[in-house]
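**Q** One structure, as structure tokens, below. Some questions next.
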Amino acid sequence: MRRGILFILSSPSGAGKSTLARRLMAWDKNISFSISATTRSPRVGELNGREYFFHSKVKFEEMISKGEMLEHASVFGNLYGSPREPVDIAINEGKDVIFDIDWQGGQQLRNSGLSEDAVSIFILPPSISELENRLKNRGKDSETVIESRMKKSLDEISHWAEYDYCLVNDDIDNTEKKLQYIIEAERLKRSRSPFLIDLVRKLGREFEQEI
């Protein structure tokens, strides 16, 4: 059985990474989503372990000091991060895990103890005007928030070259198909197929017997 893979998806807000992550999990049930931990309070309808793992600031900082967070950041006064234990369990069982995180989180993951298991993918919008339209059309944010996200997008995009793959999301169906190709190819890499060593040895013994 192969070891699982960590697929890091990053993009400026509105480029489509969250939608693509959901589509990939619907496409293949062997792919799960990395549930983040946070120190903010649960919102109405949110459950611990479903949307987030909700921790006190003391508990969260203790997990950081013990190396139990793969990546973490402070956002608007609250701490967010990716707990290592559930990810370790998943990849040891041969399951793939998707991380929907920004470039800073992706950088921390690529520098973590699981760097050899990570594959990073950056999603670009086809244009800045299209990115702004998508933010407005999804109807989730105020004009002030949209303006803030647009200003941040330039910094996000500047890190595209740090990733293993970079896709332009000009068509969501086409981009999803390309992501599927990437996942299937990464799963087939020789380095992720430890059974091949025993198979090649077996073939060698069979060859000697034939001679």
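Every read-out reported here was derived from the displayed coordinates using simple, explicitly stated rules and does not represent laboratory data. Not measured: the values here are computed from a predicted model. We place every Cβ from the backbone using ideal geometry, glycine too, and count neighbours over all the protein chains shown.
**Q** Give me the net charge for the shell around PRO125: Cβ to Cβ below 10 angstrom, other residues only, Lys and Arg +1, Asp and Glu -1.
**A** Values: positive: ARG134; negative: GLU130, GLU132, ASP170.
Net of charged neighbours comes to -2.
**Q** Which translational diffusion coefficient, to the nearest whole µm²/s, is obtained for segment 59-135 from the Stokes-Einstein equation, given a Kirkwood hydrodynamic radius over C-alpha pairs, 10 °C and 1.306 mPa s?
**A** Working: Rh = 14.3 Å.
For the chosen part, D equals 111 µm²/s.
**Q** Turning to a different aspect of this structure: Can you tally the net charge around THR19? Count Lys and Arg as +1, Asp and Glu as -1, for every other residue whose Cβ sits under 12 Å from the Cβ of THR19.
**A** On the way: positive: LYS17, ARG22, ARG23, ARG134, ARG138; negative: ASP100, ASP173, GLU176.
Result for the local shell: +2.
**Q** Tally Lys and Arg at +1 and Asp and Glu at -1 over the other residues with C-beta under 9 Å from the C-beta of ILE91: what net charge comes out? Before the final figure, lay out each step's value.
**A** Values: positive: ARG3, LYS95; negative: ASP88, GLU93, ASP96, ASP117.
Taking every Cβ under 9 Å from that of ILE91, the sum is -2.
**Q** Step through the residues of segment 92-105 one at a time and calculate ³J(HN,Hα) from phi using the Karplus curve (6.51 cos²θ - 1.76 cosθ + 1.60, θ = phi - 60°), rounding each to whole Hz and writing x for Gly and Pro.
**A** 5, 8, x, 9, 8, 10, 9, 10, 9, 9, 7, 5, 5, x
**Q** Stokes-Einstein at 25 °C, 0.890 mPa s, Kirkwood radius from Cα pairs: D for segment 163-211 in µm² s⁻¹?
**A** Diffusion coefficient, whole number: 178 µm²/s.
**Q** Hey, what angle do you get for helix 128-137 against the long axis of the chain, alpha-carbon based, 0 to 90 degrees rounded to 10?
**A** Compared with the principal axis, the helix lies near 70 degrees.
**Q** Residues with amide H under 5 Å of LEU124's amide H, sequence separation 5 or more or different chain, H placed in the peptide plane at 1.01 Å from N; which?
**A** HN-HN under 5 Å from LEU124: LEU167, VAL168, ASN169.
**Q** What number, in percent, do you get for the relative contact order of the chain if the mean sequence gap of Cα pairs under 8 Å and at least 6 apart is divided by its residue count? Please report the intermediate quantities before stating the final value.
**A** On the way: 282 pairs, mean separation 65.1, N = 211.
Over the chain, the number comes to 31 percent.
**Q** Sorted from largest down, give the three principal axis spans of the alpha carbons of segment 104-210, whole angstrom values.
**A** Largest first, segment 104-210 extends 74, 31, 22 Å along its Cα principal axes.
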